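Following: one structure in C-alpha cells, then a few remarks.
The values are calculated or read from the model by the stated rules, or taken from the named source; none is laboratory data. Predicted, not measured: the structure shown is a model, and the values here were computed from it. For neighbour counting, all protein chains shown are included, and Cβ atoms are generated from backbone atoms with ideal geometry for every residue, glycine included.
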Amino acid sequence: MGFEHTSVMPHQVHEHQNLKPGNISVDCTLGGAGHAIATIKAILPGGTLIGIDQDLDAIYHAKKRLHPFKENVLLFHSNFSDLPNILNSNGISGVNSILLDLGFSLNQLKNGKRGFSFNKNEPLDMRMDIRNDLTASEIINSFRENELVDIFFKFGEEKFSRRIARRIVETRKNNPIQTSLELAQIIKKAIPAKFVYSQRIHPATRVFQALRIAVNAELERLENFMKIVPSLLLKGGRLCVISFHSLEDRIVKQALRKFENGCTCPKDLPICLCGFVPQMKSIFKKPLIPTKEEIEFNPMARSSKLRVAQKI
C-alpha cells in the first residue's frame, strides 16, 4: 500500500508541541507517520515515541518508516482511547506531549477497499479497525428509518437526512445495498436536483462522514478521551488536537474550556466556593488554521483546525 506522507499543519504542530530531548511523546493517530518522524527527531536522544493507530496497515507502514529509531519507539494497534491502559502496562505515569490528528487517512480513501469513497465501487464496510463488529452495511441495511435520520443529521449535519433515509429504506426492500457507489447514487437521487448541482461538495459527502463516525464511534471516543487528558500529561505537558469538522472541534473546545474555567459558582460570588482548580491552559484563544500555501499544496487541510493546551 502506497502511503501518503503529507501531514496537516506540520510546522505549527512541531513548534507548539514544545518538544525536548528525553521527552515522552504520544502520536495517537499515526496515519502516514509524517508527524511521528518530526516528533522522534525532536525528542532524541533519550526520548520515547508512543505511536497508536487503529488501522493495522498504518502500523505496518509506521514500523518501516520509524525503523531507524526503533529503540525509542513503541507502536500499538489500538484506538487512542486505550492510551491509559497502554501507559499503565508500560509503567509510564505521564507524558510530555499528546498529538491527536483526527483527519481521515487519504490512504483509506484511496487504498482501503472498505467503502470510504463515494467515487469507488467497494463493499460498505467503513471500519477503521476490522476487528470491530459494526459495519456501514449493517447500519444501511438493518437500522430503522428514524435511526438513519438521527445518524445522518447528528453526525453529518445533513439537512436532507429524512429524504435520504426514506429512499434508502425503500430501495433495500428489494435488495440489500451492498456498495459505496450504489449508496452514493441513492443519496444523489434523494436530494432535490437544484441542491445537487449547486453544492460545492459531492451530495453524498455528509452521509458518508456520518456513517464513518457512527461505525467507528469517533465522537464518543473523542469525548471520553478529552475528559481524561489532564491525567495523562505531566505538568507543563502539551496537547495538540487537529480537527476537521465542527462536531470534533466543539468537543475539544468545550473540554478545554472546562479544564481552564470550570467553576460552577454563581457569577456574583466574590470568591470560588466550588473548589474548582484549573488543570489546563489554552495556548491560543482561537484555533490555528493552515496557511493558503499549505491548502494549495494539500487541499485535504482546508477545513483543519489546531488547538493547543498545556497542563498547569
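Under 6 Å between Cβ atoms, at least 6 apart or on separate chains: pull out the pairs that start in the stretch 248-273 with a residue that is at pLDDT 95 or above and end on any residue that is among the β-branched types (Val, Ile, Thr). Partner pairs satisfying both residue conditions: 252/241.
The residues on offer are 124, 148, and the sole one that is farther than 22 Å from residue 52 by Cα, of a type in the set (A, V, I, L, M, F, W, C) and not assigned by TED's automatic domain parsing to the domain that holds residue 174 is 124. Answer yes or no: is there a residue in the stretch 95-103 that is surrounded by 15 or more Cβ atoms within 10 Å (Cβ to Cβ), more than 19 Å from residue 29 (Cβ to Cβ) and in contact with a strand residue (DSSP E or B) (Cβ under 9 Å, 6 or more places away or on another chain). The answer is no; no qualifying residue exists. Filtering the stretch 126-143 to residues that are assigned to a loop (DSSP other than H, G, I, E, B) and touching a residue at least 24 places away in the same chain (Cβ under 8 Å) leaves 126, 127, 128, 129, 130, 132, 134, 135.
Checked against (1) under 27 Å from residue 251 (Cα atoms); (2) within 19 Å of the chain's Cα centre (by Cα), residue 62 passes all but a single condition, namely (1). Among the residues of this structure, residue 179 does not count as one that is of a type outside the set (A, V, I, L, M, F, W, C), closer than 30 Å to residue 96 by Cα and surrounded by 13 or more Cβ atoms within 10 Å (Cβ to Cβ). Does the stretch 189-200 include one or more residues that are of a type outside the set (A, V, I, L, M, F, W, C) and buried (at least 16 other Cβ atoms within 10 Å of the Cβ)? No: the stretch 189-200 contains no residue that is of a type outside the set (A, V, I, L, M, F, W, C) and buried (at least 16 other Cβ atoms within 10 Å of the Cβ). Within the stretch 145-165, the set of residues being touching a residue at least 24 places away in the same chain (Cβ under 8 Å), of a type in the set (D, E, K, R) and surrounded by fewer than 22 Cβ atoms within 10 Å (Cβ to Cβ) comprises 145, 154, 157, 163.
Every listed requirement among (1) touching a Ser or Thr at 6+ places or on another chain (Cβ under 8 Å); (2) crowded, with 22+ Cβ neighbours inside 10 Å is met by residue 114 save one, (1).
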